[in-house]
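First the structure, in the form of structure tokens, and then the observations on it.
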Amino acid sequence: MGVRRRSGSFVLRVNPILCDGFGHCAELAPELVQTDEWGYPILRSEPVPLTDAGAYESARYAERGCPRQALHIHRISEKKPH
Amino acid sequence: MIRPNSLPRLMHAASDRPLTLALHEAAFASSTSVTSLLDELEASGLTGRGGAGFPTALKARLIREQRGHNKFMVVNAMEGEPASHKDQTLLSANPHLVLDGAEYLASMIGANNIAVCVARDNPSVVNHVGRAIHERTRRSLRGPKLELHTPPWRYVAGEESALVHWLDDNESLPQYRPNRPHILKIGHGPALVDNAETCANVGLIGRYGAQWYRSLGTAATPGSTLVSVTGAVDHPTVVEVELGTPLRSILATAGADLDPQAVLLGGYGGSWLGASHLDVAYDNESLKPVGVSTGAGVIVVLPRSACGIVETQRIVHWMANESARQCGPCAFGLPALAEDLSHIAHQSRDPKAAHVRLVERCAVIEGRGACRHPDGVIRLVRSALEVFTDDFSNHVRGSFCNGTRATRHFATVPSLEREEELVWE
Ligand SMILES: Cc1cc2nc3c(=O)[nH]c(=O)nc-3n(C[C@H](O)[C@H](O)[C@H](O)COP(=O)(O)O)c2cc1C
Ligand code: SF4
Ligand code: SF4
């Protein structure tokens, strides 16, 4: 496999209907997920650049590790300023 | 023909019985013929009357562009707002105007099904619509299939994804839609959902054209609209007004208290507006700068004798109970907001801490439900915090509030007795 160019950014999103609120994702991706007082995830809403390999890795962990498959990584393609 | 600058339009020829098809066609006779319906609809500038106020032509165009042989036109007459009576009033007077609009919209998007949805808890409206549909289907065998559907009445059952989900043989529960715009589907067929009053406006535009339509209202918000006025009024009433009419004159027409403390605009997911703004024009362009919107056409008038915090608490408690309880932040968050408000309203158990929690919890819950139900509640709570600021500080300080002793409430909520037996199917 060739080198993938990582331009753009991503956010982690949750389907709140599927989510059970046990908060596993907050352990898998602490830099992206906090939990509210009821245990449901609050996801970091500002896009994270794909070049932040650590954050992206965590997001992938959380996405795969979510027992309800409630998480998904939403990619935002880079918009050129002009 | 209805003269261009005159009212009523939507309620033209209305009496206490629904107009029959023959009488309807006589009352709404038209000599103009509209050639391109969708262009005419776009030129009319009509926006949706179900809450969000989105341009109706844009929604229709989006569905028209979808592939699919089995498209649906869905008329949303669920009227989930407890303070709203406009859709049932309209359907009890001019059901055929709504059905005209639904047929125009169906032809614009290429739908071969029209689903008219009326909550089954409202048997007289179900009867009126059933009879009107029967009159039409007896007369013509061509055209889209016209059917009446009667989901159970719940606040969120009228949310468009819940309604479409119910029509697709499921429970009336809102669905998760991460990407917008989202195309709702029944089976494989793309569905367009429009409020009943929106359809009636399309019925007028299809008959008389955009230029006629624009002879009332403002340039940005043309036409007329139905408003349900309740609370401190002689009788709860539905009035048809030109968009851009000053709020104060709507209150006068409706026979409401002209020196109120505040009005609730939009619905129970809407906003309180303080009495200093009563001269604002009733249209979304003018209401936006003061942070409110016409929403679902609801005005609840709150007299000076009432307590805005108690009224808000009762609404939020009811709205929390109406959560579909699918999403944690809504299922747990809304009851928590109601509880905080209750501590403040009744000055029990550290109202000051409850006030701080209330503000924080609004920020935490916002935007985290699958549908906008919790966001509506948060909008309501935030507007209460702003409009009733002095009352909040008095309550928190433990000062006496006259309004909490009031035995009459102005924002009516359906009985909470059935709390445990919610029906979704
Ligand atoms: C919680 C919730 C409840 C709703 N209930 C209704 C309703 O009872 N009737 C209605 O017409 N729209 C209701 N809506 C708005 C619909 O989702 C939808 O936007 C509307 O029917 C579209 O029609 P319009 O473009 O003609 O306004 C509701 C929305 C939400 C978030
Ligand atoms: S791991 Fe999945 S199910 Fe569990 S709290 Fe996180 S998103 Fe919800
Ligand atoms: S946000 Fe609330 S009402 Fe909407 S789908 Fe989720 S639980 Fe149901």
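The values are calculated or read from the model by the stated rules, or taken from the named source; none is laboratory data. What you see is a predicted model; the values in this text were computed from it and never measured. Here Cβ is always computed from backbone atoms with ideal geometry, including for glycine, and neighbour counts include all displayed protein chains.
General remarks:
- Which numbered condition B:Cys199 misses (of (1) within 19 Å of B:Val126 (Cα to Cα); (2) surrounded by fewer than 19 Cβ atoms within 10 Å (Cβ to Cβ); (3) in contact with a Phe, Trp or Tyr (Cβ under 9 Å, 6 or more places away or on another chain)): (2)
- Of residues in region B:315-342 being among the aliphatic types (A, V, I, L, M), without any contact (Cβ under 8 Å) to a residue 60 or more places away in the chain and within 11 Å of chain A (Cβ to nearest Cβ), the one nearest to ligand 1 (Cβ to nearest atom): B:Ala331
- Here B:Ser30 clears all of (1) away from ligand 3 (no atom under 16 Å from the Cβ); (2) in contact with a Ser or Thr (Cβ under 9 Å, 6 or more places away or on another chain) except the condition numbered (2).
- Odd one out for B:Glu159 among (1) away from ligand 3 (no atom under 16 Å from the Cβ); (2) in contact with a helix residue (DSSP H, G or I) (Cβ under 8 Å, 6 or more places away or on another chain); (3) not β-branched (Val, Ile, Thr): (1)
- Scanning region B:191-225 for residues that are farther than 20 Å from B:Gly50 by Cα and outside any loop (DSSP other than H, G, I, E, B), we see that the one that is farthest from ligand 1 (Cβ to nearest atom) is B:Gln211.
- Cβ-Cβ under 7 Å pairs, at least 6 apart or on other chains, region B:352-368 side in the same structural domain as B:Ser393 (by TED's automatic domain parsing), far side among the acidic types (Asp, Glu): B:Ala354/B:Asp340; B:Arg357/B:Asp340; B:Leu358/B:Asp340; B:Arg361/B:Asp340; B:Val364/A:Asp36; B:Glu366/B:Asp375; B:Gly367/B:Asp375
- Single match in A:Ser45, A:Ser77 (criterion: within 14 Å of chain B (Cβ to nearest Cβ), at pLDDT below 95 and under 12 Å from the mean Cα position of the chain (by Cα)): A:Ser45
- Matching helices (runs of 4 or more DSSP H) fully within region B:56-164 where at least 2 residues are outside the structural domain of B:Gln326 (by TED's automatic domain parsing), of a type in the set (S, T, N, Q) and farther than 22 Å from B:Thr35 by Cα: B:86-93, B:123-139
- Of all residues in region A:49-58, none satisfies being within 12 Å of another protein chain (Cβ to nearest Cβ) and surrounded by 12 or more Cβ atoms within 10 Å (Cβ to Cβ).
- Answer residue from region A:62-78, given it is more than 12 Å from ligand 2 (Cβ to nearest atom) and under 17 Å from B:Asn179 (Cβ atoms) and is surrounded by the fewest Cβ atoms within 10 Å (Cβ to Cβ) among those: A:Ser77
- Residues of region B:231-271 that turn out to be under 17 Å from B:Pro303 (Cα atoms), in contact with a Phe, Trp or Tyr (Cβ under 7 Å, 6 or more places away or on another chain) and part of a strand (DSSP E or B), as a count: 3
- Which numbered condition B:Ala296 misses (of (1) of a type outside the set (Ser, Thr, Tyr); (2) crowded, with 23+ Cβ neighbours inside 10 Å; (3) more than 19 Å from the chain's Cα centre (by Cα)): (3)
- Which listed residue is within 12 Å of ligand 1 (Cβ to nearest atom), aromatic (Phe, Trp, Tyr) and at pLDDT 95 or above, from B:Phe28, B:Phe72, B:Phe54: B:Phe54
- Qualifying residues in region A:18-34 (those that are at the interface with chain B (Cβ under 10 Å from one of its Cβ atoms) and surrounded by 19 or more Cβ atoms within 10 Å (Cβ to Cβ)) - the one nearest to B:Ala324 (Cα to Cα): A:Cys19
- Options B:Val116, B:Val156: the member that is within 25 Å of B:Arg9 (Cβ to Cβ) and among the β-branched types (Val, Ile, Thr): B:Val116
- Some residue of region B:228-246 being of a type in the set (Asp, Glu) and touching a helix residue (DSSP H, G or I) at 6+ places or on another chain (Cβ under 8 Å): no
- Failed criterion for B:Glu360 (all others in (1) within 16 Å of ligand 3 (Cβ to nearest atom); (2) surrounded by fewer than 14 Cβ atoms within 10 Å (Cβ to Cβ); (3) among the charged types (D, E, K, R) hold): (1)
- Once region B:393-413 is narrowed to residues that are of a type outside the set (A, V, I, L, M) and buried (at least 21 other Cβ atoms within 10 Å of the Cβ), the residue that is farthest from B:Ser84 (Cα to Cα) is B:His395.
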